[in-house]
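Just below is one structure, and these are the notes that go with it.
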Amino acid sequence: MRHSPLTTHLVVSAQSRSARSARAAVHGLCVDAETGAGTADVAALLTSELVTNAHEHAGGRAVLDAFVDDRCVRVDVADGDATLPGPRAIDLEAERGRGLLMVAAFASRWGARPTTGGKTVWFELDLA
């Protein structure tokens, strides 16, 4: 049993490889914390969605903070756009627009909160 959380902090630029580096950082954190391969894979996938959304809607850099403790994996992605995400109608012909539905389906909890310079979107995955 872990007594102190493992954490990571990453400033993610708006480049095409940024989601990849964010996924790798969160996956590595989960592996180091011994959460199990399934949890590490889901955390990496959901991280990719949040980082991609931050770049797509806010345009600039995003800041990722993640931790793993005895209870859960938590990932926060902050960006400079104050618009909080919400559900929208799905266009079955569209190639995009399903990321937050995936986050809602796989995460134990997720949400968004306004910050001084924009917003933070987060998710948690409970550990067994």
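The values are calculated or read from the model by the stated rules, or taken from the named source; none is laboratory data. Bear in mind that the values here come from a model prediction, so they are computed numbers and not experimental data. Heads up, the Cβs are rebuilt from the backbone with ideal geometry, glycines too, and the neighbour counts pull from every protein chain shown.
Yes/no matrix, rows are residues, columns are (1) touching a residue at least 60 places away in the same chain (Cβ under 8 Å); (2) over 16 Å from PHE123 (Cα atoms); (3) touching a His at 6+ places or on another chain (Cβ under 8 Å):
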| residue | (1), (2), (3) |
| --- | --- |
| HIS9 | no, no, no |
| ARG17 | no, yes, no |
| ARG20 | no, yes, no |
| ALA44 | no, no, yes |
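Residue-level check: of (1) surrounded by fewer than 20 Cβ atoms within 10 Å (Cβ to Cβ); (2) touching a Phe, Trp or Tyr at 6+ places or on another chain (Cβ under 8 Å), ALA58 misses just (2). Does ASP41 satisfy the criteria of being more than 21 Å from ALA112 (Cβ to Cβ) and at pLDDT below 95? Considered against the rule, which asks whether it is more than 21 Å from ALA112 (Cβ to Cβ) and at pLDDT below 95, ASP41 comes out as no.
Looking only at residues in region 3-56 that are among the aliphatic types (A, V, I, L, M) and not in a helix (DSSP H, G or I), the one that is nearest to PHE106 (Cα to Cα) is ALA33. Once region 57-81 is narrowed to residues that are in a strand (DSSP E or B) and of a type in the set (Gly, Ala, Ser), the residue that is modelled with the lowest pLDDT is ALA62. When residues in region 22-55 are screened for being touching a strand residue (DSSP E or B) at 6+ places or on another chain (Cβ under 7 Å) and either loosely packed, with under 15 Cβ neighbours inside 10 Å or among the hydrophobic types (A, V, I, L, M, F, W, C) (or both), 13 of them pass.
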